[in-house]
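Data block below; observations after.
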Amino acid sequence: MRVLLIKTSSLGDVIHTLPALTDALRAVPSIRFDWVVEESFAEIPRWHPAVDQVIPVAIRRWRKSPLQTWRSGEWHDFKKRIHQQKYDLVIDAQGLLKSAWLTRGFKAAVAGFNRKSAREPMASFFYDRPIFVAREQHAVERVRQLFAQALHYSLPKQMGQYSLHRERLVIAEQHAPYVLFLHGTTWPSKHWPQAAWRMLAEQLSAQGVAVRIPWGNAEEERRAHAIAESLPLVEVLPRLNLTGVAGQIAGAQACVAVDTGLGHLAAALDVPCVSLYGPTLPGRVGTYGQGQVHLCATGPNVGLGDRHLPCFDDLGADQVLTVLKPLLVAGTADAYAALKDVTQVVHDKDAH
């Protein structure tokens, strides 16, 4: 059975789709997926054993210059490629008009979220098989349920598994255990203050724990160097592509992340991570997996979804270090048990 999957973006949404592929492969061992995904995230689907072809799309770039996209033939070439293969089913796991539009013209049936389930209800009118999935649950579970209904198998009861091929990554050298700081994010309100990052780096350095800091643009590079200044155990990494960052994550003892797609990548690679939430809350879209701690700020601006209002005034390095320490016990079962206890304390005290 061959299925075309459409889940174009964002990084976190792409990662949230992986456990559904694992479920499908276990239920239907012969199933193969081709995946339409934004070009900047095209590396990730290749790491899953159920995926054959990755078909990059450039909606984000094409929107900026639609006339040039048409004249260049990029749109024509993309449409030609996705219609070359015969599919038994098309699944739109995005539930947006931009993704639903890509399902036009297929002879195979198209499945997707129905109007009560899709993020943009109008998208459901493009589907032959609109499927109801309750919205009040984590995004990973929603996609798992969509796949189970679309492909007619019983949803496994256990937590979803990402099943990524770690052997396809060049895992970062680990001369000594290190913590990775995933500090880059999009909204200004999602940024944990630079001073807090610096204090955490100082505290870890004082305990002999190495820190590595990746970056993706000039502002993130400046912040990384400011956090690392004069701290010998804190290393600012060179600029890396997504696969390179994944290798650094896979080699880390633990990560500390703001609400960013790279935090979800840490979860997918089964790396313990402390994720910091302020303007957004983790209930539906938080990192999903073993060893994932959601540390929520408090205060009047928390959970409002505002891109600019500050949220992290009351969430300091000491609180982060408290929940990070159990992960620095070598990642054993005992460390995970200790982390579970700390996580409960964190949620009882700090969750909004």
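The values are calculated or read from the model by the stated rules, or taken from the named source; none is laboratory data. None of these values were measured; they are calculated from a predicted model. Glycine gets a Cβ as well: all are built from the backbone with ideal geometry, and neighbour counts include every protein chain shown.
Descriptive notes on the structure:
- Residue ID - surrounded by the fewest Cβ atoms within 10 Å (Cβ to Cβ), chosen from residues in region 306-328 that are more than 30 Å from G251 (Cα to Cα) and modelled with pLDDT of 95 or more: H308
- Flag if E74 is on the phi < 0 side of the Ramachandran plot, touching a strand residue (DSSP E or B) at 6+ places or on another chain (Cβ under 9 Å) and surrounded by 13 or more Cβ atoms within 10 Å (Cβ to Cβ): no
Conditions tested, residue by residue: (1) in contact (Cβ under 8 Å) with a residue 12 or more places away in the chain; (2) in a loop (DSSP other than H, G, I, E, B); (3) among the small types (G, A, S).
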| position | (1), (2), (3) |
| --- | --- |
| L21 | yes, no, no |
| D34 | yes, no, no |
| V37 | yes, no, no |
| R46 | yes, no, no |
| Q53 | yes, no, no |
| R63 | no, no, no |
| L67 | no, no, no |
| W70 | no, no, no |
| Y87 | yes, yes, no |
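- Of all residues in region 77-112, those satisfying the criterion of being closer than 16 Å to M1 by Cα and either outside the structural domain of L18 (by TED's automatic domain parsing) or crowded, with 19+ Cβ neighbours inside 10 Å (or both) are Y87, L89, V90, I91, V110, A111.
- Residue check, A139 without any contact (Cβ under 8 Å) to a residue 60 or more places away in the chain and either within 19 Å of I31 (Cα to Cα) or of a type outside the set (S, T, N, Q) (or both): no
- Being assigned to a helix (DSSP H, G or I), surrounded by fewer than 19 Cβ atoms within 10 Å (Cβ to Cβ), modelled with pLDDT of 95 or more and of a type in the set (K, R) is not true of R142.
- Here the strands (runs of 3 or more DSSP E) wholly within region 204-271 that include at least 2 residues being of a type in the set (G, A, S) are 254-257.
- Restricting region 1-30 to residues that are of a type outside the set (S, T, Y) and surrounded by fewer than 18 Cβ atoms within 10 Å (Cβ to Cβ) leaves a set whose member that is nearest to the chain's Cα centre (by Cα) is R26.
- Applying the criterion of being outside any strand (DSSP E or B) and closer than 22 Å to H152 by Cβ to the residues of region 101-114, the residue that is farthest from the chain's Cα centre (by Cα) is K107.
- Of all the listed residues (C255, C273), the sole one being crowded, with 24+ Cβ neighbours inside 10 Å and within 19 Å of H138 (Cα to Cα) is C273.
- Residue in region 176-184 that is in the same structural domain as L321 (by TED's automatic domain parsing), of a type in the set (A, V, I, L, M) and in contact with a Ser or Thr (Cβ under 9 Å, 6 or more places away or on another chain) present: yes
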